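The values are calculated or read from the model by the stated rules, or taken from the named source; none is laboratory data. All values derive from a computational prediction rather than experimental measurement. Here the Cβ positions follow ideal geometry from the backbone for every residue, glycine too, while neighbour counts run over all protein chains shown. Quick note on the areas: whole protein, heavy atoms, side chains included, nothing else; ligands and nucleic acids left out. Shrake-Rupley method; radii C 1.70, N 1.55, O 1.52, S 1.80 Å.
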Amino acid sequence: MVQDPTEAEPLTAAIKDISQGSPGIITLKGEVNGHSFRDGDLVTFSGIEGMVELNGCSPQPIRVQKDGSLEIGDTTTFSHYLRGGTITEVKRSKTVKHESLDTALLQPRVVAQSTQEVHRAHCLHQAFRALHEFQHLYGRLPQPWDPVDAETVVDLARALEPLQGTEELLDEALLRTIALSSAGCLSPMAAFLGAVTAQEVLKAISRKFIPLDQWLYFDALDCLPEDEKLLPNPEDCAPRGCRYDGQIAVFGTGLQDKLSHQHYLLVGAGAIGCEMLKGFALVGLGAGGGGGVVVADMDHIERSNLSRQFLFRPQDIGRSKAKVAAAAAQGLNPDLRVTPLTYPLDPTTENFYGDNFFSHVDGVVAALDSFQARHYVAARCTHYLKPLLEAGTQGTHGSASVFIPHVTKTYSGPASAGTSEDTIHPVCTMRYFPSTFEHTLQWARDEFERLFQLSAETINHYQQTCTSLADMDGPQILTLLQQVLGVLRVRPQTWKDCVVWALGHWQLCFHYDILQQLRHFPPDKVFEDGTPFWSGPKQCPQPLEFDINQDTHLCYVLAAANLYAQMHGLPGSSDQTALRELLKLLPQPDPQHLNPIFTSNLELASAPAEFGPEQLKELQKALEVWSKGSPLKPLLFEKDDDSNFHVDFVTMAASLRSQNYGILPANRAQSKRIVGRIIPAIATTTAAVAGLLVLELYKVVGGPQPLGAYRHSYLNLAENRFDRWVPSAPTIQTFQHLKWTSWDRLKVPAVQPERTLESLLAYIQEQHGLRVRMLLHGTAQLYSAEWPPEKQIQFLPLRVTELVQRVPESGLLVLELSCEGEEDETAFPPLHYEL
């Protein structure tokens, strides 16, 4: 018996409509998504006119749809719904009874999202029972793709005692396929199922979220070719004595060879990027035959990354994510060929990530933390007609998607349930190059945790264990340095001491840190190809000078001093006038006293793992002094108490950071709302979506596949929701005789001499039957049918390259056009004008 941690009072709602179908869909009255029903709730009905079969029926399970409607069972044979009615949640028992294994083997309760999934799960259940019986009889699993062994498994399944309470027929084709491939072992399956298992352990320990009830079956047989002629044979799947034998047992050597020859671009080396690199190493992507992986990430490793980005270690703090991740992946598989790049992938680097670069790329994997970056990478994949694999997480929610040229729709946003871009903010930890207020807000949120929670916990731990610094390694010392040292050399005793610390920390964060960063990355820094380092979204920061008359400066010190006082058990103050007078009497902190070893967090982050005995001695002395007295009070962030200074600190810190980087700040209300939606990435969800993405990679690398082979995925580990569905086909647009999708483009071949604007318009009309109304290059208007005659006379004879502001090195101009007679929603394909 386990406690149900999600108990709630019974819910009641008025019904607006119920559809006839399988499943039936219930639409509720009132605000969309405004109800609190959850997947798996048991409900009853009353007062319905028309579909009276539901009135007084036994409790029915429901599933919440993306639009807030509720899915129930088959209502196809019910009467037509007329009006009225109430849906009521049945209050569930305080306990959920889990059956014993013997009972559950014959009466399995399976996690499934539909009736069809229940039937498939039951077939998988019987398949595993038959496989276990085969292994018991023969001491081994069936040989890879051995038809004789597979038929034996099917026979054993037929002989099994049938499941109780169901008259479902066995899907023998499914059983046979499982038996044929059962000897294999796939790392992405291990990643996905390992993540689910780890989350179940966390549920049991924390007593949070909904535990599995009781069986979860997951298969990815869609990775196998639909055409039976393309399935591997026993000889092709025999062991080779190599690390990929488990994979070869499923797919044969053909796919393994293709994997090794692939050239892939991985954009992002954060949490998902690290998991993907690990996955590449384990499956052998780019691990031979001239293949390779390029990983692009401009960020540096920070301490907060270590909890979920498992290719990084404490000694890597301050180093390039791309370079460290590449080296770590090669440590997992020495044959893996990884090239790290620290250039950002954005409009400022298109001269580097251009035609020549993408001509050597077979596919792209996007592991990015902002929707803006995802959309840009997706646009480049559409432009170069490259497959795109994309994943994202938010807490226990995750998505994995695949986009194939001319097969699926192009990328438009993350695969998710009930979420949208304007309500989700990416997780961005402390960064040196913030470009949005969300970045600075996450930095401020991390700053709060580091200063007022982790530092207190570290000192308390030191106080309890009296660990000698001489016995610690470099990374532990660096952690203590960042958490403990401030302008004070002894513990604060008064409110004034707390103000002195807060003023010193202001100077450290918003003045000296920025100066130090500019020493590392000067304003005139350029990449090897001459591209300015500070360009595009990267804004060159400017140090701030403390001004007692600036409200943001004063309020930051007020909030920081109060939080520091709370942590040390001292009384605080809300009197801004008194604080202003006190600050007038205090000298500006000396940078040499802000931190006795390092003058900034950036220097601290890139410091060596070991340093001299004098520095150790000084740190040991400071810790001994600090550890005297009562334990410190770690502060847990609470956004809903307006008097605790938590939101005030985060808002002021983010605003000051925004001022450093020329970013438009948000007000307190906006900051509070955004902070409330920041959900840190967790390792379980990250591993799960990475596993799902590598499963799709098998299909992409395997060769041309029909649309039905691919899967988009959405999961919520907290609620045991696992949705996989076939992506949508590209939308076909039409105009007159033309048909196209978002993957298509109109082409204008190069000629000598180069075309004039007039001849280009004539070519478009002759070849494509389109009378151009407007022609654009970026935001520049090259032609408009509304121009007065004198302007047309002036521009029509000009060559196209004379009209554009910049001719690309690639020799290809991408133009946009609108045409006479088009409707408002018509979006013509881009015009590729070759030079």
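List the residue pairs whose Cβ atoms are under 9 Å apart, where the first residue sits in region 202-213 and is of a type in the set (Gly, Ala, Ser), the second is not in a helix (DSSP H, G or I), and the two are 6 or more positions apart or on different chains.
Matching pairs, first to second residue: ALA204/VAL2; ALA204/PRO211; SER206/PRO5.
Looking at (1) under 23 Å from GLU302 (Cβ atoms); (2) at pLDDT 75 or above, which one does LEU602 not meet, given that it meets all the others?
Every listed condition holds for LEU602 apart from (2).
Kindly establish whether ARG450 is open to solvent by 10 Å² or more (accessible area, probe 1.4 Å), within 26 Å of the chain's Cα centre (by Cα) and modelled with pLDDT of 75 or more.
Values: open to solvent by 10 Å² or more (accessible area, probe 1.4 Å): yes; within 26 Å of the chain's Cα centre (by Cα): yes; modelled with pLDDT of 75 or more: yes.
So ARG450 passes the test.
Given the residues PRO239, PRO162, PRO234, which is the only one that is over 26 Å from the mean Cα position of the chain (by Cα), surrounded by fewer than 17 Cβ atoms within 10 Å (Cβ to Cβ) and within 24 Å of PRO334 (Cβ to Cβ)?
On the way: PRO162 fails: within 24 Å of PRO334 (Cβ to Cβ); PRO234 fails: within 24 Å of PRO334 (Cβ to Cβ).
Only one candidate qualifies: PRO239.
For region 177-197, which residues satisfy the criterion of being buried (at least 17 other Cβ atoms within 10 Å of the Cβ), part of a helix (DSSP H, G or I) and of a type in the set (A, V, I, L, M)?
Going residue by residue through region 177-197, those that are buried (at least 17 other Cβ atoms within 10 Å of the Cβ) are 177-184, 186-189, 191-192, 195-196.
Then keep just the ones that are part of a helix (DSSP H, G or I); that gives 177-181, 187-189, 191-192, 195-196.
Of everything in region 177-197, those that are buried (at least 17 other Cβ atoms within 10 Å of the Cβ), part of a helix (DSSP H, G or I) and of a type in the set (A, V, I, L, M) turn out to be ILE178, ALA179, LEU180, MET189, ALA191, ALA195, VAL196.
Please give the number of the condition PRO492 fails out of (1) open to solvent by less than 40 Å² (accessible area, probe 1.4 Å); (2) part of a helix (DSSP H, G or I).
The number of the failed condition is (2).
Scan region 70-84 and tell me whether some residue there is modelled with pLDDT of 75 or more, open to solvent by 70 Å² or more (accessible area, probe 1.4 Å) and part of a strand (DSSP E or B).
Of region 70-84, the ones modelled with pLDDT of 75 or more are 70-84.
Okay, now just the ones that are also open to solvent by 70 Å² or more (accessible area, probe 1.4 Å), so 74, 76-77, 80, 82-83.
Filter again for part of a strand (DSSP E or B), leaving 83.
Yes, region 70-84 has at least one match.
Identify, from the list ASP257, ASP245, the residue that is in contact (Cβ under 8 Å) with a residue 24 or more places away in the chain and more than 23 Å from the chain's Cα centre (by Cα). Steps first, answer last, please.
Values: ASP245 fails: in contact (Cβ under 8 Å) with a residue 24 or more places away in the chain.
So the residue among ASP257, ASP245 that is in contact (Cβ under 8 Å) with a residue 24 or more places away in the chain and more than 23 Å from the chain's Cα centre (by Cα) is ASP257.
What's the total number of residues in region 293-308 that are touching a Lys or Arg at 6+ places or on another chain (Cβ under 9 Å), open to solvent by 10 Å² or more (accessible area, probe 1.4 Å) and either without any contact (Cβ under 8 Å) to a residue 60 or more places away in the chain or not in a loop (DSSP other than H, G, I, E, B) (or both)?
Number satisfying all stated conditions: 5.
Pull out all pairs, ordered by first then second residue, where Cβ-Cβ is under 7 Å, the residues are six or more apart or on different chains, the first lies in region 350-379 and is acidic (Asp, Glu), and the second is surrounded by 16 or more Cβ atoms within 10 Å (Cβ to Cβ).
Matching pairs, first to second residue: ASP362/GLN262; ASP362/HIS263; ASP362/TYR264; ASP369/GLY270; ASP369/PRO426; ASP369/VAL427; ASP369/CYS428.
Check region 707-725 and report whether any residue there is out of contact with any Pro (no Cβ under 8 Å at 6 or more places or on another chain), surrounded by fewer than 20 Cβ atoms within 10 Å (Cβ to Cβ) and within 30 Å of LEU813 (Cα to Cα).
No, every residue in region 707-725 fails to be out of contact with any Pro (no Cβ under 8 Å at 6 or more places or on another chain), surrounded by fewer than 20 Cβ atoms within 10 Å (Cβ to Cβ) and within 30 Å of LEU813 (Cα to Cα).
Considering each residue of region 541-587, count those that are open to solvent by 40 Å² or more (accessible area, probe 1.4 Å) and either part of a helix (DSSP H, G or I) or without any contact (Cβ under 8 Å) to a residue 60 or more places away in the chain (or both), and give that number.
16
What is the number of the single condition among (1) in a helix (DSSP H, G or I); (2) buried (at least 18 other Cβ atoms within 10 Å of the Cβ) that VAL364 does not meet?
The failed condition is (1).
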